[in-house]
1. Among the residues of region 82-128, write down those that are in a loop (DSSP other than H, G, I, E, B) and without any contact (Cβ under 8 Å) to a residue 60 or more places away in the chain.
2. Filter region 88-132 down to the residues that are farther than 13 Å from HIS149 by Cβ and hydrophobic (A, V, I, L, M, F, W, C) and list them by number.
3. Among the residues of region 167-183, which ones are surrounded by 14 or more Cβ atoms within 10 Å (Cβ to Cβ) and either out of contact with any strand residue (DSSP E or B) (no Cβ under 8 Å at 6 or more places or on another chain) or of a type in the set (A, V, I, L, M) (or both)?
4. Pick out, from region 178-243, the strands (runs of 3 or more DSSP E) lying fully within it that include 1 or more residues that are hydroxyl-bearing (Ser, Thr, Tyr) and farther than 30 Å from GLN127 by Cα.
5. May I ask you to list pairs of residues, at least six apart or on different chains, whose Cβ atoms are under 6 Å apart, with the first in region 142-159 being within 11 Å of GLU115 (Cα to Cα) and the second being in a strand (DSSP E or B)?
6. Only one of ARG229, ARG211, ARG186 is over 18 Å from ARG104 (Cα atoms) and crowded, with 17+ Cβ neighbours inside 10 Å. Can you tell me which?
7. So which of TYR217, TYR235, TYR241, TYR173 is modelled with pLDDT of 95 or more, touching a Phe, Trp or Tyr at 6+ places or on another chain (Cβ under 9 Å) and on the phi < 0 side of the Ramachandran plot?
Amino acid sequence: MPNEKRARQEACLSSEDERTPPHKHEAGAAILESIHEKLKKLDVLEQINGRLLKIENTVGDMERGLNSMTAELQKVKTDLDSKADKATVDALKDEIEELQNRSRRNNLVFYNIPEKAEKGDCISFVQDFITQHMGLETICGHVELERAHRTPSKTPSAGEKGPRPMHVAFLRYTDKMKVLRNAAARLKDNPLNGNAIGISEDFAKKTQRRRQELVPYRKFLKKKLGDDRKVYIAYPAILKYVDANGRHRIVGTEELAKLRHEMEEAKS
């Protein structure tokens, strides 16, 4: 019975297909084709949208990268401007230091002269000190001075350390150099009222500090090379020595670093 029922249904459907006009079959096929084409277009649109989204993401990443680069470039520019300003300031400071040193070219500083030894007349005192105490009258003759004074101008109290230095400006550079070259030999074991006197050139404060920083290096290098080798601090603050062939050599930055390392090892 079930088989007979199915057979009747199939026969009925077959008869219905036979009764459907051919033009309706064609119309349905056209509709299906149209739908298929539209679906393909939708797929293409989805692909395009996907690509556009990727492009937008890429552009966004590029914009963020550009913004980051712009910030970094601005920082670099700011740093360069700051360094340029610092370089300008440093250059001006160096020029000022050089001018200060030039203005002191004819000057010497006398150290440890007992307070009030000059009796209110520094110029006359220094002239007598050079010719009589140092015995340089035959070498220098009458030494003409532009000025001489103690610094600071205020007399120290009883509790303050040591007498004030005396700054002396010579009229002639040659006289200044004669006194300076003979100072070590003429003042050795030759105190004034019990005070050992020292004489040095007059430099700007910054130059004095730089030269003072080189003193330990000069002493160490002198000990290393031997007493027969000259080691000295040249103008404005350059450590030099005389090599085995008699040539004057500059101790550069790298050599100073090596000396510093040797000095630290010697202490440990």
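1. GLU115, LYS116, GLU118, LYS119, GLY120, ASP121
2. Listed by number, the residues that qualify are VAL89, ALA91, LEU92, ILE96, LEU99, ALA117, PHE129, ILE130.
3. Filtering region 167-183 for residues surrounded by 14 or more Cβ atoms within 10 Å (Cβ to Cβ) gives 167-170, 172, 175-180, 182-183.
VAL168, ALA169, ARG172, ASP175, MET177, LYS178, VAL179, LEU180, ASN182, ALA183, listed by residue number.
4. Answer list for region 178-243: 238-242.
5. Final answer for the pair search is ARG150/MET166.
6. From the options ARG229, ARG211, ARG186, the qualifying one is ARG186.
7. It is TYR241.
Table: residues versus (1) out of contact with any Gly (no Cβ under 7 Å at 6 or more places or on another chain); (2) closer than 27 Å to GLN208 by Cβ; (3) of a type outside the set (S, T, N, Q); (4) at pLDDT 95 or above.
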{"position": "LEU80", "(1), (2), (3), (4)": "yes, no, yes, no"}
{"position": "LYS93", "(1), (2), (3), (4)": "yes, yes, yes, no"}
{"position": "ASN101", "(1), (2), (3), (4)": "yes, yes, no, no"}
{"position": "PHE110", "(1), (2), (3), (4)": "yes, yes, yes, yes"}
{"position": "LEU180", "(1), (2), (3), (4)": "yes, yes, yes, yes"}
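The values are calculated or read from the model by the stated rules, or taken from the named source; none is laboratory data. Predicted model, so just to flag it, every value in this text is computed and none were measured. When we count neighbours, we look across all protein chains shown, and the Cβ atoms used for this are built from the backbone with ideal geometry, even at glycine.
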